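Student: Pasting a structure here, questions to come.
The numbers here are math on the coordinates, done by the rules we state, and not lab data. Note that the structure is predicted; figures quoted are calculated from it, not measured. Methodologically, a virtual Cβ is constructed for each residue, glycine included, from the backbone with ideal geometry; neighbour enumeration extends over all protein chains shown.
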Amino acid sequence: MQPRDLNAEIKQLQKEIRILARKLERSETDRARLEITNRNKESLLKRVIGELQTSQVILEKKGADLEQAFNELSLMQTKLVEVETMAALGSLVAGVAHEISTPVGTSITLASTLMDETQLLLAGLKSGQLRRSLLNNYIEIAQESASLILSNLNRAGALVQSFKQVAVDQSSLEKRTFRVKPYLEEVMISLSPQFKQTLHTIAVKGDDAIEIDSYPGALAQIATNLVTNSLLHAYLPNEQGILWFEVIQQNEYILIQYSDDGMGIPENILSKVFEPFFTTAREKGGTGLGLHIAYNLVTQKLQGRMDLESEVGKGTQFNIRLPQSIHV
């Protein structure tokens, strides 16, 4: 090989060595950068894992807090329902007590009058001066007093009997078989004091023989809440309204329709009436729980369905569809 060719080959080798050295240098630089990147990634991954673990702990705590809050709200709702039920029962007691006081007071007055007349009659007998006019007057007063006393006590007795059954049903909520229309009539009798200061009339329609195996106390609460809702919302003061229930047999179901001819419910709030605490009569004492309780009792306790139809100016109708026998 010629010296010139050897020099050229050496130069070429040196050039290739320089290229390889630069490549090696770049590789070392890239390797160093990669190590830094990996270390950064590892550090970032550890930080992310740490943050995720912290977030998990926070989420678990918040989940526990939310569960506790939900349980507290459920308990509070249950207590509010119980308070509303007992408040309705207390109002029923007060109304019935006030209503009973009138026939009982009248009976006492009549009995006192009859006692006075009896004393006069006895005095006449003892003195031997009993006149026919006195006897005739006594007989007339006795007949009239006895008739009025019997009528008033029968009225008081009917109120007491209705109140006893409705109150026991509402407080115990026991399941039994009962006739729907007569039972609703008993509930309406117990609510009659609420109608004393109004011009409204209420009626119960349907077949007396329709029976249901269910919870009468829940049905009484539902009927009470529906009627109270109408009295609070459906009419202006001094308006005269008609409220009525109708009981209809539908194969293995009982349809109870409750209607009033009041002002109706605006369409924009129609979907809200079953929500808890929603009321348009807060200033009249409305709690917004009446229809919410009624809806829950129908759909949960009585395993039925409840919906409503309403048109402003034409009244409102609630449709309650209940199974004739519920499964416990």
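Student: Under 1.5 on a/c is rounded, so check that first for segment 175-328, then, if it is not, pick prolate when a/b is larger than b/c and oblate when it is not; a ≥ b ≥ c are the square roots of the alpha carbon gyration tensor eigenvalues.
Tutor: Verdict is prolate for segment 175-328.
Student: Would you please put 8-18, 250-260, 182-192, 104-114 in order of how densely packed they are, using the mean number of other Cβ atoms within 10 angstrom per residue and starting with the highest?
Tutor: So the order, starting with the most tightly packed, is 182-192, 250-260, 104-114, 8-18.
Student: A follow-up question, please. Modelling each spin label as a point 7 Å along the Cα-to-Cβ direction, I'd like the Val312/Ala203 distance in nm, to one decimal.
Tutor: Reported label-point gap for Val312 and Ala203 is 3.0 nm.
Student: Using the Cβ atoms and a cut-off under 11 Å, what net charge is assigned to the surroundings of Ala32, where Lys and Arg are +1 and Asp and Glu are -1?
Tutor: 0
Student: Can you give the local net charge around Asn136? Use residues other than it whose beta-carbon is closer than 13 angstrom to its beta-carbon, Lys and Arg +1, Asp and Glu -1.
Tutor: -1
Student: Oh, and also: As a quick test, which of the pairs Lys205/Lys272; Lys272/Lys301; Lys61/Lys175; Lys181/Lys314; Lys205/Lys314 have an alpha carbon distance above 31 angstrom in this structure?
Tutor: Lys61/Lys175
Student: Okay, moving on. With label points built 7 Å along Cα→Cβ from the Cα atoms of Gln14 and Arg305, find their separation and express it in nm.
Tutor: Label-label distance for Gln14 and Arg305, simple model: 9.9 nm.
Student: Taking the alpha-carbon distance from Lys62 and a cut-off under 20 Å, which aspartates and glutamates remain once sequence neighbours fewer than 8 residues away in the same chain are dropped?
Tutor: Glu51, Glu72
Student: Under the 0.36 nm per residue contour assumption, what length would be gained going from the current alpha-carbon distance of Ser133 and Asp5 to full extension?
Tutor: 29.0 nm
Student: Give the calculated FRET efficiency between Lys46 and Ala69 to the nearest 0.05, with a Förster radius of 30 Å applied to their Cβ-Cβ distance.
Tutor: 0.30
Student: If you don't mind, there's one more thing I want to ask. Nearest 5 is fine: what % of DSSP beta bridges in segment 175-328 come out antiparallel, could you say?
Tutor: Once the DSSP bridges in segment 175-328 are tallied, antiparallel ones form about 80 percent.
Student: Suppose R0 equals 25 Å. What FRET efficiency, 1/(1 + (r/R0)^6) with r the Cβ-Cβ distance, do Lys272 and Glu246 give to the nearest 0.05?
Tutor: 0.45
Student: Okay, next question. Compute the signed sum of charges (Lys and Arg +1, Asp and Glu -1) over the other residues within less than 11 Å, Cβ to Cβ, of Ser145.
Tutor: Local charge sum for Ser145: -4.
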